[in-house]
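Here is the structure we will look at, set down as structure tokens.
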Amino acid sequence: MLLIRNIHSLVQTYSSHCPVKKGSAMSHLPIINNAFLLIDKGIIIDFGEMKDCPNLNVKTHDVEHGFVFPSWCDSHTHLVFAGSREKEFVDRINGLTYEEIAQRGGGILNSAKKLQNTSEEELFEQSYQRLEEVIQYGTGAIEIKSGYGLTLESELKILRVIQRLKEHSDITIRATFLGAHAIPKEYKNNRKEYINLIIDQMLPEVVEKNLANYIDVFCEKVAFSVEETVQIIKAGAKLGLKAKIHTNQFNCMGGIQASVEHDAISVDHLEVLNDEEIKCLQNSDTMPCLLPSAPFFINDHYPPARKIIDNNLPVALATDFNPGSTPSGKMSFVISLACIKMKMTPEEAINAATINGAKAMELEKTHGSIEKGKKANFFITKPMSSLAYLPYSFGTNLIKEVFLEGKKL
Ligand code: NIG
Ligand code: FE
């Protein structure tokens, strides 16, 4: 057992069933001041005010007036990739757009070539380092996609690396198969054949080897059409994989409607979003997931978070950690951007990064809040004057200690 004492503020506390937050409820973030937290076998078993703290003869840890947050739930990353793409970063400074670079065979195809030429061992090493880094940034549950393989062998290689990361770390990991991330050069004039390869060869192996929880498609003009997206979502569904879909990064083309119609768990990006799409989301359980560090990095405009929330919808926030549009897995920066650039309040942003992120990975029963019976994944901050100090002090590392399954890392 472990007793955490003298917590200045214990954030996102629920006596039972923290709800997924939408609309005005996104401002609701319960906090207990001057609190304790009791953990046993990796699970939260009690919490409350210090005046009610049980007098136990167990290991104790004094927080010295820091805040305690449930770990971030980062529901969208591409953390398994090879190398980096800073040349494209410089190309954009010199005037090319992200889409132009992709059309010239840079972008995702550039990362795929690098990954295909990287050994599984080396890919694991690079990815493990990134995972360790994001854990230190406070992330306690993470979704990781394939999608930089684009051949049967390389897609499986990524998913095996994700599997190995699970075995080597206490962080909770959900895996997503994203064979439909880009059309490889060899299939440029024969898209159908690549889609058949995904559906007839990659998917069955991925499912047979139990390597993925979800299926994803990059539904966009530079990637896959709505019809192709639907075809792949349906093939995944047939084999038991629910969808999480990249859509509306650059164009409104029906990706949201198609995703909602096929019960996608989440639709991710939404830098562009029209009223019809908002209406469509209102009649669904699909989580809008926003990734503001992508438009920050490629200098695009931000998703209309305010409009989404004011239309009584939920929002999840995630990093999109990847080598092309977001070479960063820092959730606290995403939260600052959400506040500064999308006018979300600190409470809304923290809900989006905890319980709603958990929901976008179907982990809301075990993660995303301080609740009896949930996993003891949380972090302790340096002393802070208030909750808003966290997004306010962007770039500063306020996280002092990280715990996963009750163990200090
Ligand atoms: O979510 N948009 C598609 N995929 C990634 C970036 C891919 C890349 O540029 O490598 C994203 O932004
Ligand atoms: Fe992405």
Anything in the range 288-300 that is more than 13 Å from ligand 2 (Cβ to nearest atom) and modelled with pLDDT of 95 or more? List them, or say none. Pro288, Phe296
Can you find a residue in the range 232-243 that is within 18 Å of the chain's Cα centre (by Cα), surrounded by 24 or more Cβ atoms within 10 Å (Cβ to Cβ) and assigned by TED's automatic domain parsing to the domain that holds Glu143? yes
Against the definition (in a helix (DSSP H, G or I) and of a type in the set (S, T, N, Q)), how does Asn356 come out, yes or no? yes
Residues Ile108, Ile135: which one is β-branched (Val, Ile, Thr) and either within 16 Å of ligand 2 (Cβ to nearest atom) or not in a helix (DSSP H, G or I) (or both)? Ile108
Answer with yes or no whether Asn33 is modelled with pLDDT under 95 and either among the charged types (D, E, K, R) or surrounded by fewer than 13 Cβ atoms within 10 Å (Cβ to Cβ) (or both). no
Can you say whether Ser127 is surrounded by fewer than 21 Cβ atoms within 10 Å (Cβ to Cβ), outside any helix (DSSP H, G or I) and within 16 Å of ligand 1 (Cβ to nearest atom), as far as the supplied structure shows? no
So which of Phe81, Phe69 ends up being crowded, with 16+ Cβ neighbours inside 10 Å, within 23 Å of the chain's Cα centre (by Cα), over 20 Å from Gln249 (Cα atoms) and within 16 Å of ligand 2 (Cβ to nearest atom)? Phe81
Keeping to the range 292-322, report how many residues are more than 15 Å from the chain's Cα centre (by Cα), assigned to a loop (DSSP other than H, G, I, E, B) and within 12 Å of ligand 1 (Cβ to nearest atom). 1
Apart from one, (1) within 16 Å of ligand 2 (Cβ to nearest atom); (2) under 25 Å from Leu203 (Cβ atoms); (3) not β-branched (Val, Ile, Thr) all hold for Ala237; the odd one out is (1)
Could you figure out which of (1) touching a Leu at 6+ places or on another chain (Cβ under 8 Å); (2) surrounded by fewer than 18 Cβ atoms within 10 Å (Cβ to Cβ) isn't true of Phe177? (2)
Being part of a helix (DSSP H, G or I), in contact (Cβ under 8 Å) with a residue 40 or more places away in the chain and aliphatic (A, V, I, L, M) is the filter here, so list the residues in the range 72-105 that pass it. Ala102
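The values are calculated or read from the model by the stated rules, or taken from the named source; none is laboratory data. Small disclaimer: the values here were computed from a predicted structure and weren't measured. With ideal geometry, Cβ positions are generated from the backbone for all residues, glycine too; neighbour counts draw on all protein chains shown.
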